[in-house]
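J.: Below is the structure I would like to discuss, written out as C-alpha cells.
Each value in this text was obtained by applying a stated rule to the coordinates, not by laboratory testing. Predicted, not measured: the structure shown is a model, and the values here were computed from it. As a convention, Cβ positions derive from the backbone with ideal geometry for all residues, glycine included, and neighbour counts pool all protein chains shown.
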Amino acid sequence: MSDDIFPVSEALKQSSYADNQRYLSLYQQSIDDPDGFWGEQAKRLSWSKPFSKVRNARFTPGDISIKWFEDGELNACVNCVDRHAKATPDKVAIIWEGDDPTQDKKITYAELLEQVSRLANVMREQGVQKGDRVIIYMPMIPEAAYSMLACARIGAVHSVIFGGFSPNAIADRVIDSKAKMILTADVGHRGGNLIQLKQNVDKALERDGTDSVEKVLVLKEAGNDNPWSKGRDLCWQDELAKASAECAAEAMNAEDPLFILYTSGSTGTPKGVVHSTGGYLLYAALTHHYVFDYHEGDIYWCAADVGWITGHSYIVYGPLANGATTLIFEGVPTYPDVRRIGQVVDKHQVNILYTAPTAIRALMAKGDLPAQDSTRSSLRILGSVGEPINPEAWHWYHDKIGNKQCPIMDTWWQTETGGVMITPLPGATDLKPGSATRPFFGIQPALLDADGNTLEGAVDGNLVICQSWPGQMRTVWGDHERFEQTYFSTYKNYYFTGDGARRDDDGYFWITGRVDDVLNVSGHRLGTAEIESSLVAHPAVAEAAVVGYPHDIKGQGIYVYLLPTDGTEITEELTKQVRQWVKDDISPIAAPDLIQWTHGLPKTRSGKIMRRILRKIAANEYEQLGDTSTLADPSVVDALIDNRKNR
Ligand code: PRX
C-alpha cells in the first residue's frame, strides 16, 4: 500500500457533479432510503409504463430473488438511441477508429437509429422473437453496437462472444443458450492481423447440439469468398438494404433479460451471467455519469472490447443511455506502435479515457515512447479497470498519459455486478495509487473472515456486498441453483464477490485479488478448472493442475503442471503442441505461459491437489510452503522445486 495521496483539484471540485460533501450525502441517502434514492434516479430513463415498486430483493438462502422496478416497462434501445435521435439527431453517437490508423468514421444518433432499426427488422423477418437468444461474434466495429441495440429493440437476449474465442467456445455458448441466430462478420482486424470470424462460426456449428441456430447474418467486411451455407447464411449488407428503416420497439418488463454474458468461475464451464433491462441500464447509466463525470460535449473513450462486461456497460449501454459520444476502437494500444493511444486521444480530442492496467503496463515497458508525438492535452479524467493497478503503473499512467493533470478512477467491479461498485469520483475523492477507494451509491461492502464474522476497522478480509443494487446479475442462465451456490452459499445473506480486500484507516478499499480459483490474466478472467479440463483432453496429458503466478505485464500468468500419460516422451515439440491445443480449444488468452511436466502432484491422502503449494512453487516462494505434512507423498514437492529452479 502506498502512502501517497493525490487530492481532488479545485477545478474538479467546482465543475464536477459531486464534491466530497455531495458524495457523502448522496451515499448516505442511498443507504438509508434505497427506494427513495433509486426511484428518483430511475427518472433518468424513459419508461413506457411507470413502475410502482422500486426494489424487491432478498438474499435469503434457498430463496434468492432480485427484482427492481418489477412492474415498469421500458426499452433499452429506445433509451440509448431513439430519445437522443429525437432530441439531438446530428450529435455524434459513435466515433469509430479502425485498426488501420487511416480508417475512422462518425455515426450520428439519427444514423444509429436507422442502422439499428434496419437490423432489428431483418432479425424479426428471420423469425427472431422477444426472448429468443442471439449470439454476436463481431469485430470492434460500429455494427457490434448496432447488433446489441437491435436485439434490445426487439426484446431478443444477446450474448456477445469475444472475437478471440475459438469455435469450441462458441459452440459451448450456442448450446447453453440455445441461440436462434448468430450475427458475425467474415473477418475482423486486430493489430494488423486478420481474424477469420465466419470460419470460426462455421466450425462451431459443425458440433452436435448447435442446431438451434437457424440463421447466420454475415457482414462482408473483406468481401472474400467464404463457403456459404445456403438457407442458413445471409449477407448483412443485402438484407439491410431491403429492410425498412422504421422498427417499432418492443415494450419490455424491467426484469426481462437484456443479455447473457458468459464468464469463468472457479469450477465447471463458463456460466451465463444474466442482466436485466431496467436495473442494469439504470446502473450502467448512473455510474457512467458520476464515475467519469460525463458532461455534454465530452468525447469519451473506453478502450475495452464489447466481448467483455466493460464494453457492454461502458462502451455501449451506459454512455449511449446518457446521450454521450462514445469512441469504439478496433485495434490494440501497441499497433502500429506504442504511440497509438496518445495519437487517438489527440485525433479525436478525447476527454475521458478508460483502460486496463495490463495495457498500461505493456506501454510502461516502453518508457517515454508511448507519450511521444501526442499532447493528450484534451484529457480530463482517466479510468482503470479489470485488475489491481500497481502503484508504479498508476504513476506512469498519471504522469505520462495524463500529464499529471488527470485523476485516475480505479474502478472495481465484476461481470456479475453490471457496473462499477467501488471507485473514486473525480470531484469527491482524494486518490491513493492502488486503491479503488470508496463504494458507489447504494453499495454496502463488508469484509468477513473465513467463518463469516464481520470485520471492523482497518483490516483484511473477504469482500461481500450486503444489499442488492439495480445492476446486480439476476441469475445464471438456465441454472438458478448455480447462481445461489456460487454467490450466496459461502456467506449466508451476502453476495460473495470472490475477491479479497483490505480496508485502511480512511475506509478506503484495496482489492487484493481473487481468493478462489479464478485467474485474472491481462484483465481476462479464466477459470483454472476450464483450462485443466482442456489440458486433460490432450492424449499426452494424464493430469493437469493450473495456477496463477505473478507476471510483470499480464498481472497474472498461467502456470501449468502436467502429468504425462504412460509412455509419453516429453519433448519441446510436445510442450508447444499442448500450448497450441489450449489456444485452439478455448482462446489464445488461455494459452499457458509456463508448462512444467512432472511425475507427481502434491495431493492430500484423500487425493485433493494442494494448489496452495503449487502456487508458491510457481511464484518461486519455496520458503513459505506451509504445512506439507498432510501430503500423501511429500517428496513430490522437492522434485517440483528442483524442476522449477532449473527453468
Ligand atoms: O478480481 C477482480 C478483478 O476482476 C474481477 C472481475 O473480472 P470480470 O468479471 O472479468 O470483470 C472485469 C471488468 C469489470 C474481480 O473479481 N478486478 C476488476 N476490477 C478491479 C479488479 N481488481 C482490482 N482492482 C480493480 N479495479
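J.: Quickly rank 493-506, 399-412 as a protection proxy: mean count of other C-beta atoms within 10 Å, highest first.
T.: Per-residue Cβ counts within 10 Å, averaged per peptide and sorted highest first, yield 399-412, 493-506.
J.: What does the charge count near residue 67 come to, summing +1 for each Lys or Arg and -1 for each Asp or Glu among other residues with Cβ under 11 Å from its Cβ?
T.: Charge balance in the 11 Å sphere: +1.
J.: Follow-up. Amide H neighbours of residue 234 under 5 Å, at least 5 residues apart or on other chains, H built in the peptide plane: list them.
T.: The list, which skips near neighbours in sequence, is 216, 217, 218.
J.: Let me ask another. Going by how many other Cβ atoms sit within 10 Å of their own, how do 417, 267 line up, fewest first?
T.: Working: 417 25, 267 16.
Ranked by crowding around the Cβ, least crowded first: 267, 417.
J.: Still on this structure: Treating only the Cβ atoms of Lys and Arg (+1) and Asp and Glu (-1) as charged, compute the dipole magnitude of the range 1-139 about its Cα centre; round to the nearest 20 debye. Display every interim value, and only then the final one.
T.: Details: 18 positive and 22 negative charges, 133 e Å.
With Lys and Arg at +1 and Asp and Glu at -1, about 640 debye.
J.: What length, rounded to one decimal in nm, is gained on full extension from residue 46 through to residue 643, with 0.36 nm per residue of separation minus their alpha-carbon distance? Provide the component values of the computation, followed by the final result.
T.: Working: separation 597, 0.36 × 597 = 214.92 nm, distance 6.21 nm.
Taking residue 46 through residue 643 to full extension adds about 208.7 nm, to one decimal.
J.: Given the C-alpha centroids of the range 333-363 and the range 209-234, what is the distance between them in whole angstrom?
T.: 34
J.: Using only the alpha-carbon atoms, what does the chain span along each of its principal axes? Please give whole angstrom values in decreasing order.
T.: Cα extents, longest axis first: 72, 63, 57 Å.
J.: Which of the listed residues, 47, 60, 27, is farthest toward the dipole's positive end in the range 26-122, when Lys, Arg count +1 and Asp, Glu count -1 at the beta-carbon?
T.: Result: 47.
J.: Can you return the lysines within cross-link range of residue 347? Criterion is Cα-Cα under 29 Å, with same-chain partners fewer than 8 residues away left out.
T.: Of all the lysines, those that pass the test against residue 347 - Cα under 29 Å, at least 8 places apart if same chain - are 13, 86, 91, 105, 106, 220, 366, 400, 404, 554.
J.: So for each of 456-463, 238-245, 179-186, 418-425 I average, over its residues, the number of other beta carbons within 10 Å; can you give me the resulting order with the highest mean first? If you can, show how the numbers build up before the last one.
T.: Working: 456-463: 15.5, 238-245: 13.9, 179-186: 25.2, 418-425: 28.1.
Answer by packing, highest mean first, reads 418-425, 179-186, 456-463, 238-245.
J.: What fraction of the Cα pairs in the range 402-485, stated in percent, has a spacing above 17 angstrom? Intermediate values should be presented prior to the final figure.
T.: Working: 2057 of 3486 pairs.
The answer is 59 percent, as a whole percent.
J.: Looking only at the chain, where both bridge partners belong to it, what percent of the DSSP beta bridges are antiparallel (to the nearest 5)? Please list the in-between numbers first.
T.: Values: 61 of 100 bridges.
Counting DSSP beta bridges with both partners in the chain, the antiparallel share is about 60 percent.
J.: Based on the mean of other beta carbon atoms within 10 Å per residue, what is the order of 334-341, 441-448, most packed first? Show your work: numbers first, answer last.
T.: On the way: 334-341: 17.9, 441-448: 19.8.
Most protected by this proxy first, the peptides run 441-448, 334-341.
J.: Mean residue ellipticity at 222 nm from the helices of the chain, using -39,500 (n - 2.57) per DSSP H segment of n ≥ 4 over the full residue count, to the nearest 500 deg cm²/dmol? Write out the running numbers ahead of the final one.
T.: Numbers: 19 runs with 180 residues, N = 647.
It lands at -8000 deg cm²/dmol.
J.: Charges only on Cβ, +1 for Lys and Arg, -1 for Asp and Glu: so what's the dipole of the chain about the Cα centre, in debye to the nearest 20? Provide the component values of the computation, followed by the final result.
T.: Working: 64 positive and 85 negative charges, 123 e Å.
Result for the chain is approximately 580 debye, rounded to the nearest 20.
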